[in-house]
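The values are calculated or read from the model by the stated rules, or taken from the named source; none is laboratory data. Given the structure is predicted, the values throughout are model-derived calculations rather than measurements. Positions of Cβ are backbone-derived with ideal geometry, glycine not excepted, and every protein chain shown enters the neighbour counts. SASA here: full protein model, heavy atoms, side chains in, ligands and nucleic acids out. Shrake-Rupley method; radii C 1.70, N 1.55, O 1.52, S 1.80 Å.
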Amino acid sequence: QLVYPHDFRLTEKEKTSICYLSFPDSYSGGLGDTQFSFRLRQAGGSRNSPFQDDGRYNREAPVTLQREAAHYFGYVYFRQVKDSSMRRGYFQKSLVLVSRLPYVNLFQCLLQLIAPEYFDKLEPCLEAVCNEIDQWPPPVPGQTLNLPVMGVVIQVRIPSRVDKPGSSPVKQCNQENLLPAPLVLPSVHELDLFRCFQPVLIHIQMLWELMLLGEPMVVMAPSPTMSSEMVLALTSCLAPLRYCCDFRPYFTIHDSEFKEYTTRTQAPPNIVVGVTNPFFIKTLQHWPHILRVGELRMSGDLPKQVKVKKLAKLKTLDTKPGIYTSYKTFLHKDKTLIKRLLKGIQRKRPSEVQSALLRRHLLELTQSFIIPLEHYMASLMPLQRAITPWKNPPQIRPFCQEDFMKSLEHAGPQLTCVLKGDWLGLYRRFFKSPNFDGWFRQRHREMTQKLEALHLEAICEADIVAWMKDKSEVEIVDLVLKLREKLVRARCQHLPVKEETLQRVSLYIDTIIGSLPEDLQAVLHH
């Protein structure tokens, strides 16, 4: 019915997709308000985002919280209440917030404030809210922001790449005597992992491996809320490693990618997809891993755990909860973690404490797996003494999987992780996954930029006048052009170089040009 701000352009295809994704697609008798989220592929090429920040945000934010380039997130607040004046006897409406940022907590909290007012007062409410949001500062990683909206101040800290992984959010002390007292969100994005994973706690190990390897997976849940929370929880459990595959927290049969995902002529794509419509059981039963969760049931005071079942047991009618897969885990289960969580339930330990336990376990697991890779990757960097000012910087040595495997004997995950199992097999499978590819490209890019930066510093330290003594004009002009290109690249790519280094190189260029005949000077200044 309405897009606000009015000048925000969506293609017709995107509008249709957003409409379908903003309503529960299977009969849900539940009345009242529900919240969930979805992720949508951008249609029709890349468009400039109105928020040009020259990539600074993505450079400073954790890789798991970077702004999406080709997808939108949709955060939905859906209301369904009986209303005899409506043709179908119900009032059904959704307010959707669309963003490229994965700040699920912040945006769902914002919707809780805005949506009830919007359903009551309609467009004037959105206009007032958007005017307030327009005044918000941009999200700068590492900063704590106070965001006023509708008489409330939401206080959040934007995570930064330099935060120590696993450190609890900084206790925010700059209350600045704000009145009214701010609504402090402990995190912009972290879900209550313990609550999301309650029916699958004993299978955390398996789910972590499936995510690490980028395996295709369907999450079937009774509601869009459960499906989207489970998918987001699964994709976040690799942090600080980025989950590089596609994921759809909530997906409907009307989606433009429906055919692509349900075709049997090719292997299922590397994606985690959350669905609620029972029709999917039939169309996606050829997928290798299907997690079916029901409404949460307790057995005594413990949440009932789903069982791992063979895919052949998947009934298209009345599918029982379970993980339908033939996957065998590479690592053994961590029994101590499960015992601690279960003891926590019996002692009525708060959910956030249980979540912190779970998050720390997953973090340590991911770090044990990734640290040997980081060490090996660092060993491929050329020695600093090999970087000389007048030659192109040396290349990073190629990544050799067999060499890496040999390095594990004395520096493998067994040093930091108590879990036994086939770590080598897990690495071999990981090398074939999009997550390895994404991690490797990111690291390689960072190392290349570091080499460029070290090369610029070497140039600064060099004695340029001595070098020029026996050089021809052609060689000198060539050097000027190369240095200029380096400067432009350093500034465009925001290389990790001190500003004074760049200024010194700039000064060098002027000095060199000044030593040349005037006709050449004129051309080069041009």
Of (1) more than 26 Å from GLN354 (Cβ to Cβ); (2) touching a residue at least 60 places away in the same chain (Cβ under 8 Å); (3) open to solvent by less than 30 Å² (accessible area, probe 1.4 Å); (4) of a type in the set (A, V, I, L, M), ILE253 satisfies all except one. Which? (3)
Residue by residue through the range 273-289, note down the ones that are open to solvent by less than 30 Å² (accessible area, probe 1.4 Å) and over 18 Å from ASP25 (Cβ atoms). TRP287, HIS289
Quick one: what pairs do we get from the range 188-202, first residue basic (Lys, Arg), second buried (at least 21 other Cβ atoms within 10 Å of the Cβ) and outside any helix (DSSP H, G or I), C-beta under 8 Å, 6+ apart or different chains? none
Which pairs turn up if I take residues in the range 385-408 that are in contact (Cβ under 8 Å) with a residue 60 or more places away in the chain and closer than 24 Å to ALA458 by Cβ and look for partners that are loosely packed, with under 13 Cβ neighbours inside 10 Å and acidic (Asp, Glu) with beta carbon separation below 8 Å, at least 6 apart in sequence or on another chain? PRO389/GLU461
When residues of the range 187-217 are filtered for being among the acidic types (Asp, Glu), open to solvent by less than 10 Å² (accessible area, probe 1.4 Å) and over 13 Å from LEU238 (Cβ atoms), how many remain? 0
Which pairs have Cβ atoms under 7 Å, sit 6 or more apart or on different chains, and link a residue in the range 112-138 that is open to solvent by 60 Å² or more (accessible area, probe 1.4 Å) to one that is in a helix (DSSP H, G or I)? GLU117/CYS125
Would you be able to say whether some residue in the range 62-69 is at pLDDT below 90, part of a loop (DSSP other than H, G, I, E, B), exposed (fewer than 11 other Cβ atoms within 10 Å of the Cβ) and under 15 Å from the mean Cα position of the chain (by Cα)? yes
For the structure I just gave you, tell me whether LYS333 is over 30 Å from PHE23 (Cα atoms), open to solvent by 30 Å² or more (accessible area, probe 1.4 Å) and modelled with pLDDT of 90 or more. no
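Before we move on, is GLY421 touching a residue at least 12 places away in the same chain (Cβ under 8 Å) and touching a helix residue (DSSP H, G or I) at 6+ places or on another chain (Cβ under 8 Å)?
no
Count, please, the residues in the range 384-397 that happen to be open to solvent by less than 100 Å² (accessible area, probe 1.4 Å) and assigned to a loop (DSSP other than H, G, I, E, B).
Going through the range 384-397 one residue at a time, the tally reaches 7.
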Among (1) open to solvent by 70 Å² or more (accessible area, probe 1.4 Å); (2) among the polar types (S, T, N, Q); (3) closer than 30 Å to LYS482 by Cα, the one test that GLN401 misses: (3)
Failed condition for ILE290, given (1) under 21 Å from LEU212 (Cα atoms); (2) touching a Lys or Arg at 6+ places or on another chain (Cβ under 8 Å), with all others met? (2)
Test set (1) under 23 Å from VAL272 (Cα atoms); (2) part of a helix (DSSP H, G or I); (3) open to solvent by 40 Å² or more (accessible area, probe 1.4 Å); (4) hydrophobic (A, V, I, L, M, F, W, C) - LEU365 fails condition number: (3)
Taking VAL480, is it in contact (Cβ under 8 Å) with a residue 24 or more places away in the chain, under 15 Å from PRO389 (Cβ atoms) and either in contact with a Pro (Cβ under 9 Å, 6 or more places away or on another chain) or open to solvent by 20 Å² or more (accessible area, probe 1.4 Å) (or both)? no
Every pair of residues 6+ apart whose Cβ atoms lie under 8 Å, when the first sits in the range 140-152 and is closer than 23 Å to ALA61 by Cα and polar (S, T, N, Q) while the second is modelled with pLDDT of 90 or more and assigned to a strand (DSSP E or B): GLN143/ARG157; THR144/GLN155; THR144/VAL156; THR144/ARG157; ASN146/VAL153; ASN146/ILE154; ASN146/GLN155
Is it the case that some residue within the range 424-437 is of a type outside the set (Gly, Ala, Ser), closer than 22 Å to PHE194 by Cβ, open to solvent by 50 Å² or more (accessible area, probe 1.4 Å) and not in a helix (DSSP H, G or I)? no
Those helices (runs of 4 or more DSSP H) lying entirely in the range 216-317 with at least 2 residues assigned by the TED database to the domain that holds ILE204 and either on the phi > 0 side of the Ramachandran plot or in contact with a Leu (Cβ under 9 Å, 6 or more places away or on another chain) (or both): 224-236, 258-262
Scanning the range 72-88 for residues that are open to solvent by less than 30 Å² (accessible area, probe 1.4 Å) and more than 14 Å from TYR103 (Cα to Cα), which turns out modelled with the lowest pLDDT? GLN80
